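Data block below; observations after.
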Amino acid sequence: MSLGSQPRFPLAVLPTPLQEARRLRAALGGPQRCPRILIKRDDLTGLAFGGNKARKLEFLVADALKQQATVLVTCGAAQSNHARMTAAAACMAGLGASLVLTGHADEALQGNLLLDHLLGAEVHFVAPNEDRAIATGDEQDAMIAAVMEALRARGERPYLIPVGGSSPVGTLGYVAGTLELVGQLAAMGEEPSHLYYASGSRSTQAGLELGKRLFSAPYRLQGIAVSGGEPQKTEKAVRIANEAAEIVGSAVRLVPEDLRTDQAYIGEGYGIATPACLEALSLLARHEGIFLDPTYTAKAMAGLIDHIRRGLIAPSETVIFLHTGGTPALFAKVDQMSSLLNTPARVEGALHAASPR
């Protein structure tokens, strides 16, 4: 197997920590009701506020440089974590960045979109439609094609990265990430039963599933969907995982039945917070000092918490939660989180901080 021989451009601060969430476990009922929870801190990859995309971009940027590209082109939602990190990766590699985002030209400059502009990316908007924040529809595809053509007319050599970095090359990011995690678990003497993660554009899923099989990871993978699109998304994950296996010279092949993705925690749609995800966001912040985001990681944590409360995971087990980042989106979702900002816990904390010592 030739994972180590694949071109890779250094972007991330690795390895990321693997931390036990002891206070969260206590808040969920302690050892009598809740399994041990280890959090893989891929929010701390370092690139432009961190996140899981840094792992994928290390391989994607290397491939772009190999092809002598001058500009990275990608797409996503107006608050896309992937777009923000692609723009940052382009800066580090001395490349340009052109982003095709679902939204309007008068979108508020906040969160990830503000960072896109600070990073010097060209931003092009496509008007939103139903669940178009993730899925690339005909209009978005047409805009991408127009942007690529315009760049070539300017003498640039654009390199197209699919939404979320969801390509066979991008998939290698979490194949390598699995190797890192398996090594950490071996050093700690841990054999967790499950790994939970937010499942969106599915290249993280593809890399985790392939990596599990290549490196004999002890856990069972459980994706928590943050947007619709089945069964096409599962088929996509299988396809890019199998193509990534070919890249590294492995005979491993996946079928759709190998993948588990719970669709029950999407709520009203992509990027729309649910009461359960807001509870999860609050629990992690107040008990572990760790920030989730309402689009991805808080919904994934809501799924894990609900599975624990329903008894689907025994208290004697150990589980991993993969924190894939997304922190900048918090600053663009204040309206959705207003219910958290005036709770007794916040008021009591303010009173405590103001009291004389």
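Values quoted throughout were computed directly from the atomic coordinates according to the rules given, and no laboratory measurement underlies them. Since the structure is predicted, the reported quantities are computational estimates derived from the model, not experimental observations. Don't worry about glycine lacking a Cβ; one is built from the backbone with ideal geometry, like all the others, and counts go over all protein chains shown.
Along segment 155-163, what does the Karplus equation 6.51 cos²θ - 1.76 cosθ + 1.60 (θ = phi - 60°) give for ³J(HN,Hα), rounded to whole Hz, x for Gly and Pro?
The phi angles translate into x, 7, 10, x, 10, 8, 10, x, 3 Hz.
Starting with the fewest neighbours, write out Val71, Val163 ranked by other beta-carbon atoms found within 10 Å of each beta-carbon.
Values: Val71 22, Val163 25.
Exposure proxy ranking, most exposed first: Val71, Val163.
In the chain, with Lys and Arg counted as +1 and Asp and Glu as -1 at Cβ, which of these residues, Ala26, Tyr197, Val334, has the Cα nearest the positive end of the dipole, that is, farthest along it?
Positive-most Cα among the choices belongs to Ala26.
Antiparallel DSSP bridges in segment 53-165: what percent, to the nearest 5?
Working: 0 of 15 bridges.
Antiparallel: roughly 0 percent of the beta bridges in segment 53-165.
Please report the antiparallel percentage of DSSP beta bridges with both residues in the chain, rounded to the nearest 5.
Details: 3 of 35 bridges.
Counting DSSP beta bridges with both partners in the chain, the antiparallel share is about 10 percent.
Give me a comma-separated list of calculated 3J(HN,Hα) values for segment 89-94, in order, Karplus coefficients 6.51, -1.76, 1.60 applied at θ = phi - 60°, integers in Hz, x for any Gly or Pro.
Taking θ as phi minus 60°, the curve returns 4, 4, 4, 5, 9, x Hz for segment 89-94.
Per residue of segment 286-299, what does 6.51 cos²θ - 1.76 cosθ + 1.60 with θ = phi - 60° give for ³J(HN,Hα)? Whole Hz please, x for Gly and Pro, Karplus curve as stated.
Whole-Hz 3J(HN,Hα) from phi for segment 286-299: 7, 10, 10, x, 10, 9, 9, 10, x, 8, 10, 5, 5, 5.
Starting from the Cα gyration tensor of segment 53-165, multiply each eigenvalue by 5, take the square root, and state the resulting semi-axes largest first in whole Å. Display every interim value, and only then the final one.
Details: eigenvalues 84, 48, 34 Å².
Whole-Å semi-axes of the equivalent ellipsoid: 20, 16, 13.
5 Å is the cut-off here: which amide hydrogens, built 1.01 Å from N in the peptide plane, fall below it relative to Ile39, excluding neighbours closer than 5 in sequence?
Sorted by chain and number, the residues that satisfy this are Gln19, Glu20, Ala21, Phe321.
Hey, any idea what the orientation-averaged projected area of the convex hull of the chain's Cα atoms comes to, in nm²?
Numbers: hull surface 75.8 nm².
Approximately 18.9 nm², given one-decimal rounding.
Run the simple label-point estimate for Ala105 and Glu230 please: 7 Å along Cα→C-beta, distance reported in nm.
4.0
Pairs of alpha-carbon atoms within less than 8 angstrom and 6+ residues apart define the contacts here; what relative contact order does the chain have, in percent?
21
So how much slack lies between Ala187 and Glu246, counting 0.36 nm per residue of separation and subtracting their Cα-Cα distance, in nm?
On the way: separation 59, 0.36 × 59 = 21.24 nm, distance 2.96 nm.
The span from Ala187 to Glu246 would gain 18.3 nm if fully extended.
Please order His117, His307, His287 by the number of other Cβ within 10 Å, starting at the fewest. Don't skip to the answer; put the middle values down first.
Numbers: His117 13, His307 20, His287 16.
Going from sparsest to densest Cβ surroundings: His117, His287, His307.
Quick check on my link table: of Lys40/Lys212; Lys212/Lys236; Lys233/Lys333; Lys66/Lys212, which ones sit more than 22 Å apart, alpha carbon to alpha carbon?
Checking Cα-Cα distances, Lys233/Lys333; Lys66/Lys212 exceed 22 Å.
For segment 206-304, which trypsin sites (Lys or Arg not before Pro) are both in a DSSP coil and crowded by at most 16 other Cβ atoms within 10 Å? Write down the numbers at each step before the final one.
On the way: sites: Lys212, Arg213, Arg220, Lys233, Lys236, Arg239, Arg253, Arg260, Arg286, Lys299; in loops: Arg253, Arg260.
Here the trypsin sites (Lys or Arg not before Pro) that fit, given the DSSP loop and packing criteria, are Arg253, Arg260.
May I ask you to derive the FRET efficiency for Ala150 and Ile272 from their Cβ-Cβ distance with R0 = 25 Å, giving the value to the nearest 0.05? Don't jump to the answer; show the numbers that get you there.
Working: r = 33 Å, r/R0 = 1.33.
The formula returns an efficiency of 0.15 here.
Tell me the relative contact order for segment 53-165 as a rounded percent, counting alpha carbon contacts under 8 Å between residues six or more apart.
Details: 183 pairs, mean separation 40.9, N = 113.
Relative contact order for segment 53-165 comes out at 36 percent.
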